[in-house]
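> Below is the structure I would like to discuss, written out as structure tokens.
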Amino acid sequence: MIAIKDKIRTVPNWPIKGVMFRDITTILQDPEAFKATCDIFYNRYKNMAIDKIVAIDARGFIFGAVLAYHMGVSLIPVRKKGKLPYKTISESYTLEYGENSVELHDDSIQQGDKVLVIDDLIATGGTIMAAIKLVERLGGKVVECAFIVELPELKGREKIKNYPIFAITEFEGE
């Protein structure tokens, strides 16, 4: 079994001084690590009743797409503001090093859809909480939130404490 955590590169002081950026592109560059990461997600969710996978811009798209394909369910992109071409709903949030907004097509989730929300990493929880709010505004029910990496010291889990969370690995105080 591959230790996924060992495959993640840490980039100090990026994108701003004081941030220890956890770079998952090293997983993508390693076919064995990429397959192992995708398999972990698939094995966790293959028997769950999930209608749609909501993947967050941009690295969540990678793993969300693979998972949606293997599970035979819809992939719904949550994008940064102004990137989706059709009618959208929007939600603003704060993150570890700034502020942003994300959007979702207003016809992408139907009432009662069971949704898995996936991203590469949870830090402060701002992005994932914004995505959850978008899903719920359209009538979807979040089944779980999935990540490769959790940064516990930034307390993102506390922000989304009412939702089940799965993270493959974590970096605490490292």
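The values are calculated or read from the model by the stated rules, or taken from the named source; none is laboratory data. Values in this document were obtained by computation on a predicted structure and should not be read as measured data. Cβ atoms come from the backbone with ideal geometry, glycine included; neighbour counts cover every protein chain shown.
> Among the residues of the stretch 71-116, what is the count of those that are on the phi < 0 side of the Ramachandran plot, of a type outside the set (Phe, Trp, Tyr) and part of a loop (DSSP other than H, G, I, E, B)? Outline the logic, then answer.
Of the stretch 71-116, the ones on the phi < 0 side of the Ramachandran plot are 71, 73-81, 83-97, 99-111, 113-116.
The next check asks that each one be of a type outside the set (Phe, Trp, Tyr); those that pass are 71, 73-81, 83-85, 87-92, 94-96, 99-111, 113-116.
Pick out the ones that are also part of a loop (DSSP other than H, G, I, E, B) and you get 73, 81, 83-85, 87, 96, 106-111, 113.
Number satisfying all stated conditions: 14.
> Within the stretch 71-80, identify whether any single residue is more than 14 Å from the chain's Cα centre (by Cα), surrounded by fewer than 18 Cβ atoms within 10 Å (Cβ to Cβ) and among the charged types (D, E, K, R), and answer yes or no.
no
> Just checking, which of ASP30, ASP57 is at pLDDT 95 or above and either more than 14 Å from ILE2 (Cα to Cα) or among the aliphatic types (A, V, I, L, M) (or both)? So that I can check it myself, show each step before the final result.
Values: ASP30 fails: either more than 14 Å from ILE2 (Cα to Cα) or among the aliphatic types (A, V, I, L, M) (or both).
Just a single option satisfies the conditions, and that option is ASP57.
> I'd like the full set of residues that are in contact (Cβ under 8 Å) with a residue 40 or more places away in the chain, assigned to a strand (DSSP E or B) and under 22 Å from VAL78 (Cα atoms), limited to the stretch 7-65.
Scanning the stretch 7-65 gives ARG22, LYS52, ILE53, VAL54, ALA55, ILE56.
> I've got another one for you. Just checking, how many residues over the stretch 49-70 are surrounded by fewer than 16 Cβ atoms within 10 Å (Cβ to Cβ) and among the aromatic types (Phe, Trp, Tyr)?
Adding up the residues that qualify gives 1.
> Checking ALA130 against (1) of a type in the set (A, V, I, L, M); (2) in contact with a helix residue (DSSP H, G or I) (Cβ under 8 Å, 6 or more places away or on another chain); (3) farther than 21 Å from ASP23 by Cα, which test does it fail?
(2)
> For the stretch 13-37, give me the residue count where each residue is among the acidic types (Asp, Glu) and within 16 Å of GLU170 (Cα to Cα).
Taking the stretch 13-37 first, the residues among the acidic types (Asp, Glu) are 23, 30, 32.
Next cut, within 16 Å of GLU170 (Cα to Cα) only: 23.
Of the residues in that region, 1 qualify.
> Could you please find all residues in the stretch 16-28 being farther than 16 Å from LEU151 by Cα and within 19 Å of the chain's Cα centre (by Cα)?
Filtering the stretch 16-28 down to residues farther than 16 Å from LEU151 by Cα leaves 16-17, 25-28.
Of everything in the stretch 16-28, those that are farther than 16 Å from LEU151 by Cα and within 19 Å of the chain's Cα centre (by Cα) turn out to be THR25, THR26, ILE27, LEU28.
> Which count do you get for residues in the stretch 109-161 that are β-branched (Val, Ile, Thr) and within 18 Å of ASP51 (Cα to Cα)? First the steps, then the outcome.
Let us first name the residues in the stretch 109-161 that are β-branched (Val, Ile, Thr), namely 109, 115, 117-118, 122, 124, 127-128, 132, 135, 142-143, 148-149, 160.
Then drop every residue that is not within 18 Å of ASP51 (Cα to Cα), which leaves 109, 115, 117-118, 132, 135, 142-143.
Qualifying residue count, the stretch 109-161: 8.
> In addition: So how many residues does the stretch 126-159 have that are in a strand (DSSP E or B) and surrounded by fewer than 17 Cβ atoms within 10 Å (Cβ to Cβ)?
Count: 1.
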